[in-house]
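*Asks:* Sharing a structure here in structure tokens format.
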Amino acid sequence: MVLSKRGKSGHITNTGLSKVLRAAGIPQGEHCLHGFRSAFETLALEAGAPKAICERVLFHVAGDATEQAYNRTKYLEPVRLLLQWWADTVDALRDGEGLPAMPEPLLAAYR
């Protein structure tokens with residue numbers, strides 16, 4: 001079963017992502033995509049995640065035009081660490097547990 005569709009741009013559509021939330025058992029009106037994005041950035045920053053990595057995860061355009069033209073890094077390993085932390089955080093919130101610590105390798109790389 002395909003849960004998400006791609007729009008003309010090739011990106012997954014909001015409708016497709018909303019369908020994923022419903023398939024995960026999250027009722028419509030209880031949570032929305034922007035709520036998850038907002039919760040992610042708020043909790044990640046409070047846990048010490050670097051702002052640049054949070055922005056990359058959210059696919060926000062950062063910096064002025066010159067920085068955007070030259071900085072094309074994808075931050076693959078830091079993004080992987082942060083997204084695993086987020087998955088663990090969502091599981092902890094679901095299960096009523098304490099939030100996990102930010103991965104030390106991610107924090108150490110940006111001190």
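*Asks:* Excluding A49 itself, calculate the net charge of residues whose Cβ lies under 15 Å from the Cβ of A49, where each Lys or Arg counts +1 and each Asp or Glu counts -1.
*Replies:* -1
*Asks:* Another question, then. Would you please name the trypsin sites (Lys or Arg not before Pro) within region 11-109 that are DSSP coil residues with at most 16 other C-beta atoms within 10 Å of their C-beta?
*Replies:* R72, K74
*Asks:* If you take every residue apart from G98 with its C-beta less than 12 Å away from the C-beta of G98, what net charge results, scoring Lys and Arg +1 and Asp and Glu -1?
*Replies:* Within the 12 Å Cβ shell, the charges total -4.
*Asks:* Another question, then. Separation between the A87 and K74 pseudo-spin-labels, each 7 Å from Cα along Cα→Cβ, expressed in nm?
*Replies:* 1.7
Where a number appears in this text, it was derived from the coordinates with a stated rule and is not lab data. Fair warning: this is a prediction, and the values are worked out from it, not measured in the lab. So basically every Cβ, Gly included, is an ideal-geometry build from the backbone, and we count neighbours across all protein chains shown.
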